[in-house]
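Student: Handing you this structure, nothing more for now.
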Amino acid sequence: MKALIVYDTKTGMTEKIALAISAGMKEVGTSVVVKKADDATEDDFKGAEAWIVGAPTHIGSATGEAKKALKLGIATGASGKKGTTFDTRFASSGKGGAEKLRKMMEEAGVQIVVPPEWFVVTGTKGPLAEGEEAKATTFGRKIAGALRP
Ligand SMILES: Cc1cc2nc3c(=O)[nH]c(=O)nc-3n(C[C@H](O)[C@H](O)[C@H](O)COP(=O)(O)O)c2cc1C
């Protein structure tokens, strides 16, 4: 099983979460490629059976770069793909980027294998709240478990 983690970040917090998710998935033996949204190519999406897409929450949604990258992936063909989404946000936020990215995936026909997860930042530029990277590693293990044939 090959998985692709695509994330956007402005100040590094969502990148830390993406790398922690990747570490959790690798622990369970999943092959993972991690790409920043701007660098993700059509071939990256085509070559992965699972897409995990994340973003910082901006104005209750995902950043434009994350949505643009997922659109690029969807255009290569979403049928048969599995995935989930994540975001970083304030603890007080009612909703975030993960829900928007999930909706995009679902509408395109990606099978959501694990419910989206979000990770708390304590300020606009971070830091992450305590324990959030460990939570991301656990999320990665959970995703990898759900992707097992
Ligand atoms: C323009 C802007 C809008 C934001 N809007 C929200 C928001 O609606 N809800 C929220 O919880 N956090 C919001 N935030 C805080 C971001 O969630 C936070 O900056 C982000 O998690 C940091 O991730 P990064 O380091 O990967 O960029 C906003 C931040 C910026 C810069």
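Student: Give the residue that is nearest to residue 136 (Cα to Cα), with candidates limited to residues of the range 34-51 that are free of Cβ contacts under 8 Å to residues at least 40 places away in the same chain and within 12 Å of the chain's Cα centre (by Cα).
Tutor: Step one: list which residues in the range 34-51 are free of Cβ contacts under 8 Å to residues at least 40 places away in the same chain, which gives 34-43, 46.
If we keep only those that are within 12 Å of the chain's Cα centre (by Cα) as well, we get 34-37.
On the way: 34: 14, 35: 17, 36: 17, 37: 19 Å.
Once the filter is applied, the top-ranked residue is 34.
Student: Just give me the residues in the range 99-123 being of a type in the set (Val, Ile, Thr) and closer than 11 Å to residue 51 by Cβ, in sequence order.
Tutor: Here is the first cut: in the range 99-123, the residues of a type in the set (Val, Ile, Thr) are 110, 112-114, 120-122.
Result: 110, 112, 113.
Student: I need the full set of residues from the range 38-61 which are within 14 Å of the ligand (Cβ to nearest atom) and touching a Ser or Thr at 6+ places or on another chain (Cβ under 8 Å), in order please. Step through it out loud before you land on a result.
Tutor: Step one: list which residues in the range 38-61 are within 14 Å of the ligand (Cβ to nearest atom), which gives 38, 53-61.
Of everything in the range 38-61, those that are within 14 Å of the ligand (Cβ to nearest atom) and touching a Ser or Thr at 6+ places or on another chain (Cβ under 8 Å) turn out to be 53, 54, 55, 56, 57, 60.
Student: Out of all the residues in the range 91-149, which are in contact with a Gly (Cβ under 6 Å, 6 or more places away or on another chain) and surrounded by 15 or more Cβ atoms within 10 Å (Cβ to Cβ)?
Tutor: Answer for the range 91-149, where residues must be in contact with a Gly (Cβ under 6 Å, 6 or more places away or on another chain) and surrounded by 15 or more Cβ atoms within 10 Å (Cβ to Cβ): 105, 110, 118, 137, 140, 141.
Student: Sticking with this structure for a sec: Suppose we keep only residues that are of a type in the set (Ser, Thr, Tyr) and part of a loop (DSSP other than H, G, I, E, B) within the range 39-70. Which one would you say is nearest to residue 8 (Cα to Cα)? Spell out how you get there, then give the answer.
Tutor: The initial filter retains those residues of the range 39-70 that are of a type in the set (Ser, Thr, Tyr), namely 41, 57, 61, 63.
Those still in the list that are part of a loop (DSSP other than H, G, I, E, B) too: 41, 63.
Working: 41: 14, 63: 7 Å.
Selected residue: 63.
Student: Let me ask something additional. Looking only at the range 71-110, count every residue that is assigned to a helix (DSSP H, G or I), of a type in the set (A, V, I, L, M) and within 16 Å of the ligand (Cβ to nearest atom) and tell me the total. Break it down into steps so the answer makes sense when it comes.
Tutor: Within the range 71-110, the subset assigned to a helix (DSSP H, G or I) is 71-75, 97-108.
So of that shortlist, the ones also of a type in the set (A, V, I, L, M) come out as 72, 74-75, 98, 101, 104-105, 108.
When the remaining residues are screened for being within 16 Å of the ligand (Cβ to nearest atom), the result is 98, 101.
Number of matching residues: 2.
Student: When you scan the range 72-79, do you find a residue that is in contact (Cβ under 8 Å) with a residue 60 or more places away in the chain and under 23 Å from residue 11 (Cα atoms), even just one? Give the steps one after another, and end with the answer.
Tutor: Taking the range 72-79 as the starting set, the residues that turn out to be in contact (Cβ under 8 Å) with a residue 60 or more places away in the chain are 73.
Add one more test, that the residue is under 23 Å from residue 11 (Cα atoms), and what stays is none.
No, that holds for no residue.
Student: Only one residue in 42, 27 is in contact with a Leu (Cβ under 9 Å, 6 or more places away or on another chain) and either surrounded by fewer than 16 Cβ atoms within 10 Å (Cβ to Cβ) or closer than 18 Å to residue 119 by Cα (or both), so which one is that?
Tutor: Numbers: 27 fails: in contact with a Leu (Cβ under 9 Å, 6 or more places away or on another chain).
The match here is 42.
Each value in this text was obtained by applying a stated rule to the coordinates, not by laboratory testing. What you see is a predicted model; the values in this text were computed from it and never measured. Don't worry about glycine lacking a Cβ; one is built from the backbone with ideal geometry, like all the others, and counts go over all protein chains shown.
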